[in-house]
Amino acid sequence: MDRRSILTRGNSGGVALELAVTIPTLILVLLAMLEVVVVARLQLELVAAAREGARVAATVVDPAAAVRAAQEAVGPNLSDRIVVEVTRPAVPGRLAIVRVSLRHQLVTPLLRWLSVDLSGRAVMRVER
């Protein structure tokens with residue numbers, strides 16, 4: 001046997017072991033990054049829904065209209081899962097506050113037991 005074949009034959013097991021450890025780790029990191037993107041998108045949707053609800057709460061006396069506006073802003077997939085809280089004083093010039101919250105269950109297999117509480121809040125002055 002020459003020296004070159006001894007060196008290459010001894011490294012092949014180490015390379016296979018490194019790949020066996022690296023590939024699952026890389027997959028887990030990619031799945032975690034995907035979860036972060038999903039949670040960030042949901043957070044932005046909740047803030048947009050709270051803004052829409054606050055716009056309606058500032059102009060319409062009925063708080064149920066603000067709740068409907070916030071639910072419509074998130075779309076049919078999330079509208080039944082969100083909780084909308086509206087605080088609207090009857091006095092013009094005071095602050096109408098809309099808070100939209102959601103408990104999101106992560107979908108990555110190893111993180112499925114974990115849930116994240118997300119919320120968005122918006123404030124606008126009551127016009128009428």
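Points to keep in mind about this one:
- For the range 7-24, the criterion of a residue being at pLDDT below 95 and in contact with a His (Cβ under 9 Å, 6 or more places away or on another chain) is satisfied by no position.
- The set of residues from the range 71-82 being in a helix (DSSP H, G or I) and buried (at least 21 other Cβ atoms within 10 Å of the Cβ) comprises ALA73, VAL74.
- The range 104-117 residues that are touching a residue at least 40 places away in the same chain (Cβ under 8 Å) and closer than 12 Å to LEU34 by Cβ, paired with ones that are of a type outside the set (D, E, K, R) and part of a loop (DSSP other than H, G, I, E, B) (beta carbon under 7 Å, 6 or more apart): LEU106/LEU114
- Looking only at the range 103-120, and only at residues there that are at pLDDT 95 or above and small (Gly, Ala, Ser), the one that is surrounded by the fewest Cβ atoms within 10 Å (Cβ to Cβ): SER119
- Criterion (at pLDDT 90 or above and either outside any strand (DSSP E or B) or exposed (fewer than 14 other Cβ atoms within 10 Å of the Cβ) (or both)) met by exactly one of VAL91, VAL123, VAL100: VAL91
- Checklist (1) without any contact (Cβ under 8 Å) to a residue 12 or more places away in the chain; (2) assigned to a strand (DSSP E or B) applied to GLU85, failing item: (1)
- Scanning the range 103-119 for residues that are part of a strand (DSSP E or B) and out of contact with any Ser or Thr (no Cβ under 8 Å at 6 or more places or on another chain) yields SER115, VAL116.
- Within the option set ALA40, ALA69, ALA65, ALA90, being over 30 Å from PRO24 (Cα atoms) and without any contact (Cβ under 8 Å) to a residue 12 or more places away in the chain holds for one residue only, ALA65.
- Filter result for ARG68 (at negative phi and assigned to a helix (DSSP H, G or I)): yes
The values are calculated or read from the model by the stated rules, or taken from the named source; none is laboratory data. Every value quoted in this text rests on a predicted model; they were computed, and no experiment measured them. Backbone-built Cβ (ideal geometry, glycine too); neighbour counts: all protein chains shown.
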